[in-house]
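This report concerns only the one structure given below.
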Amino acid sequence: MLSHVQDPGLHIAFDAWHKSETEPLDGEEYLDISGITRTQAGRYECKASNDVASPDVKYVNVIVNYAPFIKDTKSSDPQVGRMGVLQCEASAIPKPEFEWYRDDKRCV
């Protein structure tokens, strides 16, 4: 069993051995990623192989949920009497919801 993975492109392979020539042995393998980070999200590959034929390969997409992080804020710096636009850009999974406040009062 693997404990910590740094590379999302890691290939995992395992071999199934037989108790006898007529009795198949099922095998399973786990990949444990301790303290997973959002940079470890992505496509992983599991490859099962033995010396009988080409390996069987399956893929799993890992999505790592993380709290919102505000990347940037902007103001349109309007003139008096014109429309002002404020922009807030954030990154998160799932997609963040936004709320605006001024002097502890929510802007509607």
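Throughout, read-outs are computed from the coordinates displayed, never taken from laboratory work. A quick note: this is a predicted structure, and the numbers were derived from the prediction, not measured. Don't worry about glycine lacking a Cβ; one is built from the backbone with ideal geometry, like all the others, and counts go over all protein chains shown.
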Inside the range 26-87, counting only strands (runs of 3 or more DSSP E) that do not spill past its ends, which hold 2 or more residues that are loosely packed, with under 11 Cβ neighbours inside 10 Å?
56-62, 66-75
What are the pairs with Cβ atoms under 9 angstrom where one residue, in the range 72-90, is within 15 Å of residue 100 (Cβ to Cβ) and the other, located anywhere, is acidic (Asp, Glu)? Sequence gap at least six, or different chains.
73/89; 74/89; 84/77; 87/72; 88/72; 89/72; 90/72
I'm checking my understanding of the structure. Among residues of the range 88-107 that are more than 30 Å from residue 43 (Cβ to Cβ) and in contact with a Phe, Trp or Tyr (Cβ under 9 Å, 6 or more places away or on another chain), which one is surrounded by the most Cβ atoms within 10 Å (Cβ to Cβ)?
88
